[in-house]
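Undergrad: Structure provided below as structure tokens; questions to follow.
The values are calculated or read from the model by the stated rules, or taken from the named source; none is laboratory data. All figures in this text were calculated on a predicted structure; none of them were measured in a lab. Methodologically, a virtual Cβ is constructed for each residue, glycine included, from the backbone with ideal geometry; neighbour enumeration extends over all protein chains shown. These area figures cover heavy atoms from the full protein model, side chains too; ligands, DNA and RNA do not enter into them. Shrake-Rupley method; radii C 1.70, N 1.55, O 1.52, S 1.80 Å.
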Amino acid sequence: ISGTTLANSDNTSYVARMKSDISPDLDMDLMVVQLSTNDATKEGGPELGAVSESRHIEDFDDTTVIGAMETIIAYTQETWGCPVVFYTGTRYDNATYEQMVNALYQLRDKWGIGIVDLWGNQEMTDIIGTDQYNAYMADETHPTELGYREWWTPEFEKVLPEYLTD
């Protein structure tokens, strides 16, 4: 859904859709979640929040970006008992998104989640400003079909099998 956010501000947020659109009876192998660029770029967007000391879903402020991330992790683990992997977008000029990526690593340390880190991938960053980058990206946050197929998907193929074989 275009313009949706992690932070739970309306019924299109990741949190709201996860709870309403995915059956708790689903036999899920893996939850893959995009670290949404909309939370970082939306005018008057949500607060970043902070990593909680708690592991109890009722303690998270899911109206903040980090609280929503923790809610997604805890809800997934409680409901489906499967691993969670977040993936980042590729690097672009946005300090808030960089803070979100840093928080993701704190959440990895706390929860043991996986990360497909396109943001911190130096080889991917090195092509910014080239014709190849222009072929792979429609704008600074959205890949083209070619970008998804040839640039992003190989990175997923490196990381996801580790979480599907456990």
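Undergrad: With a 1.4 Å probe and every protein chain left in place, tell me how much accessible area K158 has, in Å² to the nearest 10.
TA: K158 has an accessible surface of roughly 140 Å² with all protein chains in place.
Undergrad: Can I ask one more? Under the rule of -39500 (n - 2.57) per DSSP H run of 4 or more residues, summed and divided by the residues of the chain, what mean residue ellipticity at 222 nm is obtained, to the nearest 500 deg cm²/dmol?
TA: Per the formula, -11500 deg cm²/dmol.
Undergrad: What percent of all Cα-Cα pairs in the chain falls in each 5 Å bin, counting up from 0?
TA: Cα pair-distance distribution for the chain, in percent: 1, 8, 18, 21, 21, 17, 10, 4, 1, 0.
Undergrad: Take the chain, connect every pair of alpha-carbon atoms lying under 10 Å apart with a spring to form a Gaussian network, then pick out the residue of P154, P24, P46 with the largest mean-square fluctuation.
TA: P154
Undergrad: Which value, in Å³ per residue, describes the convex hull spanned by the Cα atoms of region 53-110?
TA: Taking only Cα atoms, region 53-110 has a hull volume of 88 Å³ per residue.
Undergrad: Would you list which lysines come within 25 Å of K158, measuring only between C-alpha atoms, while excluding same-chain residues fewer than 8 positions from it?
TA: The qualifying lysines are K110.
Undergrad: I need the phi-derived Karplus couplings for region 59-72: 6.51 cos²θ - 1.76 cosθ + 1.60, θ = phi - 60°, integer Hz, Gly and Pro marked x.
TA: Listing the rounded values in order: 8, 8, 8, 6, 7, 9, 4, 5, x, 5, 4, 5, 4, 4 Hz.
Undergrad: Subtract the Cα-Cα distance of E78 and T41 from 0.36 nm times their separation in residues, and report this length gain in nm to one decimal.
TA: Result: 10.3 nm gained on full extension.
Undergrad: Order the following by accessible area, largest value first: R17, R108. Probe radius 1.4 Å; ligands, DNA and RNA are ignored.
TA: R108, R17
Undergrad: Stretch D27-T141 to full length: gain in nm at 0.36 nm per residue minus the Cα-Cα span?
TA: Length gained, D27 through T141: 37.9 nm.
Undergrad: Still on this structure, I have one more. Using a 10 angstrom cutoff on alpha carbons, build the Gaussian network for the chain and name the most mobile of A50, A40, A95.
TA: A95
Undergrad: Taking the Cβ of V116 as the center, what net charge do the other residues with Cβ under 15 Å away carry, scoring Lys and Arg +1 and Asp and Glu -1?
TA: -2
Undergrad: Further question: Roughly how many Å² of Y14 are accessible to a 1.4 Å probe, to the nearest 10?
TA: The value for Y14 is about 30 Å².
Undergrad: Could you tell me the largest-minus-smallest coordinate of the C-alpha atoms of region 20-79 on each of the three principal axes, in descending order and whole angstroms?
TA: 37, 24, 17
Undergrad: A further question on this structure: What's the Kirkwood radius of region 107-152 in Å, using all Cα pairs?
TA: 11.7
Undergrad: Follow-up question, since we're still on this one. Bin width 5 Å, alpha-carbon pairs only: give the P(r) of region 67-141 as whole percents, running from 0 to the bin holding the largest distance.
TA: 3, 14, 23, 20, 15, 11, 9, 4, 1
Undergrad: Rounded to the nearest 5, what % of the DSSP beta bridges within the chain are antiparallel ones?
TA: So the antiparallel bridges in the chain amount to around 10 percent.
Undergrad: Heavy atoms of the protein only, probe of 1.4 Å, neighbouring chains included. What is the accessible area of E157 in Å², nearest 10?
TA: E157 exposes around 120 Å² with every protein chain in place.
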